[in-house]
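Structure, as structure tokens:
The values are calculated or read from the model by the stated rules, or taken from the named source; none is laboratory data. This structure is a prediction, so every number in the text was calculated from the model and none was measured. With ideal geometry, Cβ positions are generated from the backbone for all residues, glycine too; neighbour counts draw on all protein chains shown. Heavy atoms of the whole protein, side chains included, go into the accessibility calculation; ligands, DNA and RNA do not. Shrake-Rupley method; radii C 1.70, N 1.55, O 1.52, S 1.80 Å.
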There are 2 protein chains.
Amino acid sequence: MNKINVGIVGYGNLGKAAEQAVLANKNFNLVAIFSRRLVCSKFNTKVEPYNSFTDYVTKIDVMLLCGGSKSDLEIQTPEIAEYFDVINTFDTHKKIPTEFNKLNEIAKKSKHRIIMSCGWDPGIFSLIRAMFMALSNNNPITFWGKGISMGHSDAIRRISGVDDAVQFTVPNKEAIKRAKSGTLPEDMPRHFRECYVVCKPKDSARIENEIKNIPNYFKGQPTTVSFVDQNHLLKLKSKMLHRGEVISSFKTAGDSKCKLNFSVYMDSNPNFTACIMTTYINAIANLKENKVTGAFTNLDIPVSYLFPSKYKETLLKTLC
Amino acid sequence: MNKINVGIVGYGNLGKAAEQAVLANKNFNLVAIFSRRLVCSKFNTKVEPYNSFTDYVTKIDVMLLCGGSKSDLEIQTPEIAEYFDVINTFDTHKKIPTEFNKLNEIAKKSKHRIIMSCGWDPGIFSLIRAMFMALSNNNPITFWGKGISMGHSDAIRRISGVDDAVQFTVPNKEAIKRAKSGTLPEDMPRHFRECYVVCKPKDSARIENEIKNIPNYFKGQPTTVSFVDQNHLLKLKSKMLHRGEVISSFKTAGDSKCKLNFSVYMDSNPNFTACIMTTYINAIANLKENKVTGAFTNLDIPVSYLFPSKYKETLLKTLC
């Protein structure tokens, strides 16, 4: 079997994790990393300036977009998908439907494949939620943490006077228990918000008040705010472990109870996210073999596509 | 949207559960039940003799095969797939690869779709094992029970002198704990086997010995045999609750730990199995819309196919 040639765009935490994940898989060949910054790979992977990706049109099959911020992905995905098959982890949940339609048109036009929002959530958690919803005809309940929420951390950092901040999402254990037994009240807080902020002492009271009143993010949710120095904050930010759980408790048609549960624990959020992206490189190859183009989410891709296509018989033998 | 017309073949525990599941879904229209026995539906569903299914070629889109025994499914699936799209729960794990190839040819020839082995295991547990295997590059570990194993119960009933028997599979809690932490020794028993047997007192010592020496099923596994009267056994056989868990503990490329866990609890094994079969009726409709024919397992079907195709936008909005 020919190896699949892979490129990585972006060399932050996720890009570095993706580099190791691709190098560890003997079916893939890591061709180059593209970065806007001047960086070196400790694994001696070739690093190229971002704009040189067009030189690699014949040399790379699949690009893993590991851009650190949402604006990166919204700009880079269309640019790169003009020339390559692409996997990204676009995670602004509310924008996914419009982004999907936009990328679908682009990929159809350029005759490529884009797997978008391909991390753990959105990503395989979305797939599991969809399966649970189909089986139960009910919305499953998701719990996250304990772990850092980038979205909530960003929301705090946008407040005037905040030098740096990080937010840990902590699930409410009582709510998890109630969700599992199918008795979670609508108004029970599902998560606690632990915020750590660096700022000038004179601003702390105002900032705490502002944080607790950010709608959708903190307002109405149990939130604690602690003020720490920059060194302490850097230590907190380096904690990359995370956890999540999807729960569905319902009755089947014969009025009997059924409980479904899916949970993930990870030491390193970027390493697990890179592991998922890398696994879906095989899906790109299968989609290509089937001559389909366009945008896809994890919900659109059969699990058998996560293996090289020749493994069909093996899958049936070992997994069914 | 036009309703999907559904037929049910077989009217044992699974057929009865399927009837209720189909009736409960407003997108489906239950046309008839086909049975070799003279039976009545308490929901007033029309019951027809098995052989009359050919009269329904224009009236039924999808047939749910709820045959009680493995020999039923191996004979009925090819017969019915000549005329209809079909879902079955074929569960002889070792025969699945050859059965798949056989059914794939039949379905391609008759231009129909067969979703086979579409229960919880094999079925959605196979899908989850495949996903865990793709992500971890390791075999996940499955635990079943506490619940009745039909295969093990059958194996006991084949012993001469056994009037009736049932076997409960009980997972080894210590093994589950070790599997979750990634430290399960290869030789640690994963399940206990609780056997309940009805026989003449003079045969009991021989039968216990024979049970404990059935290779693959009991030999080398912690097994207890209790002798009970037929009334007690009937009570035990009516316990339809079951449970199962798939566990994967592995390291991602960056050498960080990751743990995946999927678990199901059900009050009623046939009700949950029927719930899964009924959910996959939508998958048949999506496969048909995409003009594909052949045999499929749950691994081959994207989760988005478990919903009517018009729900694409909703899925992206609510689940991603």
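Simple point charges give the picture: +1 on the Cβ of Lys and Arg, -1 on the Cβ of Asp and Glu, and for the range A:201-320 a dipole about the Cα centre of about 140 debye. Annotation for the range B:1-68 versus the range B:272-298: alpha-carbon center distance of 16 Å. Of all DSSP beta bridges confined to the range A:22-151, the antiparallel ones make up roughly 10%. Sum up the charges of everything whose Cβ sits under 10 Å from the Cβ of B:F250, counting Lys and Arg as +1 and Asp and Glu as -1, but leave B:F250 out. Here the count lands on +3. Where only DSSP H runs of four or more residues are counted, chain B gives -10500 deg cm²/dmol as its mean residue ellipticity at 222 nm, each run worth -39500 (n - 2.57). Which shape class applies to chain B: rounded if a/c is under 1.5, otherwise prolate when a/b exceeds b/c and oblate if not, where a ≥ b ≥ c are the square roots of the Cα gyration tensor eigenvalues? Taking the square roots of the gyration eigenvalues as a ≥ b ≥ c, chain B is oblate. Each Lys or Arg adds one and each Asp or Glu subtracts one; over the other residues with Cβ under 12 Å from the Cβ of B:N27, this totals +2.
Amide H contacts of A:I114: A:V86, A:G294, A:A295, A:F296, each under 5 Å away and 5 or more positions distant or on a separate chain (H built 1.01 Å from N in the peptide plane; Pro and chain starts excluded). Accessible area ranking (1.4 Å probe, heavy atoms, ligands and nucleic acids excluded), largest first, for B:K146, B:K212: B:K146, B:K212.
Residues considered: B:T92, B:T293, B:T252. Largest GNM mean-square fluctuation over chain B, using C-alpha springs under 10 Å, is found at B:T252.
With a ≥ b ≥ c taken as the square roots of the eigenvalues of the C-alpha gyration tensor of the range A:1-90, please select rounded if a/c is under 1.5 and otherwise prolate if a/b is larger than b/c or oblate if it is not? It comes out rounded by the Cα gyration axes.
Residues B:E105, A:E194, sorted by accessible area with the largest first, give B:E105, A:E194 [1.4 Å probe; ligands and nucleic acids excluded]. The charge dipole of chain B, taken about its Cα centre with unit charges on the Cβ of Lys, Arg, Asp and Glu (plus for the first two, minus for the last two), comes to roughly 500 debye. Looking at B:F262, B:A107, B:Y56, which one has the Cα that reaches farthest to the positive end of the dipole of chain B (charges on Cβ: Lys, Arg +1; Asp, Glu -1)? Ranked along the dipole, the leading option is B:F262. Position B:G12: other-copy label points at 5.7 nm, ordered by increasing distance, label point 7 Å along Cα→C-beta.
Around the Cα centre of the range A:84-166, unit charges on the Cβ atoms of Lys, Arg, Asp and Glu (plus for the first two, minus for the last two) sum to a dipole of about 340 debye.
When B:E79, B:E186, B:E19, A:E289 are compared by accessible surface with a 1.4 Å probe, the order from highest to lowest is B:E186, A:E289, B:E79, B:E19. Shape class for the protein assembly as shown: prolate, because the ratio a/c of the largest to smallest gyration tensor axis (alpha-carbon atoms, square roots of eigenvalues) is 1.5 or more and a/b beats b/c. Rolling a 1.4 Å probe across all protein chains gives A:V170 an accessible area of roughly 30 Å².
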